[in-house]
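Below you'll find the structure, written out as structure tokens, and then a few comments.
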Amino acid sequence: MIHLKSIKFICDQQEQGYPYHIPIFNKEIEFKQSVSVLIGDNGSGKSTLLELIKDKVGLYQIGKPLKSVVSLKSEIKYYLNKPKGFYFSSEDFTTYIYELEKEIEVSHKYLKEIEETYKGKSNFAKSQASSPHKRTLAELKGLYDKDLRFASHGEAYLSFFKSRMRPNQLILLDEPETPLSFQNQLALIYLINEAVKMNSQVVISTHSPVIISMPDAQIFELDHEGINEIDYDDIKQVSELKHFLNHPNAYFKHLL
């Protein structure tokens, strides 16, 4: 389901500096599929565009407090109402795991202190004091299908993403391939498809040819000229990768 139908960021001629150097302004970006992919070289602005959308829609940012990049004028169209959802970058996930470890550590510390402080007091008093910390630990344990602290980074990412999936969301993913192996990228595509079945819309910024290849995904390419739709088979990095995989020695003879 397409919750965000289109967005247009407006820039007056005199505006300069970040993020006005990115050529996405004064052009309506129309989302026509439940999955949209943003591609482009580093510095092209795909991650910034994702953040600007996050700010305008007011989506929750995993791992960080909601903080606007900059206040921009825009025109935005929704299917019905402003959707709920979240913005999730692989960089913020590292921060989240660190905060999760701290929260678990603090809860265990307080429980240990309560055992000492409440010696000789009633079980009821001890239970009242320890209850919030035990509840925190139980909720964290029940939230994920594995302990994120001890899973591989890729497995933890997938488990976390799965735990956040709800019906009728707008989900923004910034370079999700960073912690993921080839197999885990395929697993992510499966989860994204499950999210779409739950009437969610997903917009992804990525360099991964695997994620770009998602069936029926709408692909936008960002470059110095602006943002335009592109077919998978016309993407330069895809054709270059195919050529390399088929003829690796043609590259190595010039490198080694």
Taking the stretch 24-56 and keeping residues assigned to a strand (DSSP E or B) and closer than 18 Å to Leu4 by Cβ leaves Ile29, Glu30, Val35, Ser36, Val37, Leu38
For residues that are in contact with a Phe, Trp or Tyr (Cβ under 6 Å, 6 or more places away or on another chain) and at pLDDT 95 or above, scanning just the stretch 172-190, find the one that is farthest from Glu240 (Cα to Cα).
Leu172
Which one is nearest to Gly226 (Cα to Cα), of the residues in the stretch 10-32 that are surrounded by 13 or more Cβ atoms within 10 Å (Cβ to Cβ) and within 21 Å of the chain's Cα centre (by Cα)?
Ile24
Take the residues in the stretch 109-129 that are of a type in the set (Gly, Ala, Ser) and not in a helix (DSSP H, G or I); name whichever of them is modelled with the highest pLDDT.
Ser122
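Take the residues of the stretch 136-154 that are in a helix (DSSP H, G or I) and in contact with a Ser or Thr (Cβ under 9 Å, 6 or more places away or on another chain): which is modelled with the lowest pLDDT?
So, considering only residues that are in a helix (DSSP H, G or I) and in contact with a Ser or Thr (Cβ under 9 Å, 6 or more places away or on another chain), the one modelled with the lowest pLDDT is Leu143.
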Give me the pairs, please: first residue somewhere in the stretch 128-147 and over 16 Å from Glu105 (Cα atoms) and of a type in the set (Phe, Trp, Tyr), second residue anywhere and at pLDDT below 75 and assigned to a helix (DSSP H, G or I), beta-carbon distance under 8 Å, and either six or more positions apart or on two chains.
none
List pairs: first in the stretch 40-55 and farther than 17 Å from Pro176 by Cα, second among the hydroxyl-bearing types (Ser, Thr, Tyr), Cβ under 6 Å, 6+ apart or cross-chain?
Asp55/Ser68
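The values are calculated or read from the model by the stated rules, or taken from the named source; none is laboratory data. The model shown is predicted, which means the values in this text are computed figures rather than measured ones. Note that each Cβ is placed from the backbone with ideal geometry, even for glycine, and that neighbours are counted across all protein chains shown.
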